[in-house]
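The values are calculated or read from the model by the stated rules, or taken from the named source; none is laboratory data. As the structure is a computational prediction, the values presented were derived from the model and not from experiment. FYI the Cβ positions are ideal-geometry reconstructions off the backbone, even for glycines, and counts take in every protein chain you see.
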Amino acid sequence: MNLRRGMSPGGSLLVVFALTALTLASATGAQARTATGAPSCPSGGTPAPGSTVTGGLEVDGICSLEDVTVYGGISVDPSPESAGFNFNLVQLSGSTIFGGIVVGEGSVAGVGVDELAGQFTVPSTVNGGIRANNALWVDSAYSTIRGHVTGSFKSLSFLCGSPENGCLAASVWCGNVLYGNMTLESGPSILILAGDPGEAFPAGQCPGNTIHGSVVLKDSNVVEPFSGEGFEFEGNNVTASVLVDHSTGEVYGNTVGGSLLCTNGTVIQPPAPGDPSGTTNAVRGADTCIN
């Protein structure tokens, strides 16, 4: 499975990472909101590797932070639909954030992920959690997050049409350590891919996550038309309970310290052929997600 795939309105298969790289390379970024007093990136300059930013950081275009420490958190400005693929984006490589990350509507964040190249990079640390407010997607790989992860995601219909025609993307979570709860509401165009061990992504392996808290996955009903697969929640170690609500996908090979509950018509798909994650879950409490 590719890290992120989609289709153009005409139906030709494309990798959204590649399309994004081509369209963003010459873009100035979506318009920023009114100034908050915090430094802005990239309009106010991109912090140099090894530098420290105080007072927070506002992202108003494409902002790539390499070995940067930010105190006061990061706010990624919303991206208007009229901006098309010129959405606001923050991506972290080997950086440390104090104060969390908030991703505005239609925008993107990559923690330990180069969103333009479609590759995992150097793990980062986010203190204060991550909140996606109707974002396009948020990815995190091999990184440490202290605080809750909460997310809702925007339909991609304004960019490329319907999921049935292949217009979809993914919010990818691979090999992270989270000290907090994870609550993700995926919406009509976004697949949640939280752990998929043994299945090689172009960016690299996607082991499960260690989550010191609870997990809620809600409304993840996008199914890839070319594979028939829905969301993936595989190989994770969760200390509390997991709730999968009104969703369609695979839940295998997880260790759950509390209960594993499937509600509101959730459909657990059989494991894909040859999927090494296609094993039962080790659940300490009740398990209503048995396929």
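Condition first: surrounded by fewer than 24 Cβ atoms within 10 Å (Cβ to Cβ) and in a strand (DSSP E or B). Now tell me which residues in the range 92-115 satisfy that. Across the range 92-115, the qualifying residues are Ser93, Thr96, Phe98, Val102, Asp114. Reported count of residues in the range 279-291, each being more than 18 Å from Ser247 (Cβ to Cβ) and crowded, with 16+ Cβ neighbours inside 10 Å, is 0. Any residue in the range 209-234 that's within 12 Å of Thr248 (Cβ to Cβ): show its pairings with residues that are assigned to a loop (DSSP other than H, G, I, E, B) and of a type in the set (Val, Ile, Thr) at Cβ separation under 8 Å, as long as the two are six or more apart or on different chains. Cβ pairs passing all conditions: Glu229/Val223; Gly230/Val222; Gly230/Val223; Phe231/Val222. Answer with yes or no whether Gln31 is within 21 Å of Leu159 (Cβ to Cβ) and modelled with pLDDT of 95 or more. No, not satisfied. With respect to (1) of a type outside the set (Lys, Arg); (2) over 19 Å from the mean Cα position of the chain (by Cα); (3) closer than 28 Å to Ile192 by Cα; (4) modelled with pLDDT of 90 or more, the lone exception for Gly73 is condition (2).
Condition check for Glu232 on (1) surrounded by fewer than 17 Cβ atoms within 10 Å (Cβ to Cβ); (2) under 17 Å from the mean Cα position of the chain (by Cα); (3) charged (D, E, K, R): one failure, at (1).
Conditions tested, residue by residue: (1) at positive phi; (2) in contact (Cβ under 8 Å) with a residue 60 or more places away in the chain; (3) crowded, with 18+ Cβ neighbours inside 10 Å.
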| residue | (1), (2), (3) |
| --- | --- |
| Glu66 | no, no, yes |
| Thr69 | no, no, no |
| Ser75 | no, no, yes |
| Val90 | no, no, yes |
| Phe120 | no, yes, yes |
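Residues of the range 247-261 that are modelled with pLDDT of 95 or more, out of contact with any Phe, Trp or Tyr (no Cβ under 9 Å at 6 or more places or on another chain) and outside any strand (DSSP E or B): Gly257, Gly258, Ser259.
Would you confirm, using the coordinates I've provided, whether Pro123 is more than 20 Å from Thr239 (Cβ to Cβ), assigned to a loop (DSSP other than H, G, I, E, B) and not β-branched (Val, Ile, Thr)?
Yes, satisfied.
Which residues, counting only those in the range 126-148, are aromatic (Phe, Trp, Tyr) and assigned to a strand (DSSP E or B)? Even if it seems obvious, please write down each step before you answer.
Initially, the range 126-148 is screened for residues aromatic (Phe, Trp, Tyr), giving 137, 142.
Passing the criteria: only Trp137.
Of all strands (runs of 3 or more DSSP E) completely enclosed by the range 152-230, which ones contain at least 2 residues that are modelled with pLDDT of 95 or more and β-branched (Val, Ile, Thr)? Before you say what the answer is, go through the steps one by one.
Working: elements: 169-174, 177-179, 182-185, 190-194, 215-218.
Fully inside the range 152-230 and qualifying: 215-218.
Identify, please: which residue in the range 37-61 is polar (S, T, N, Q) and assigned to a loop (DSSP other than H, G, I, E, B) and is, among those, nearest to Ser79 (Cα to Cα)? Here the residue is Ser43.
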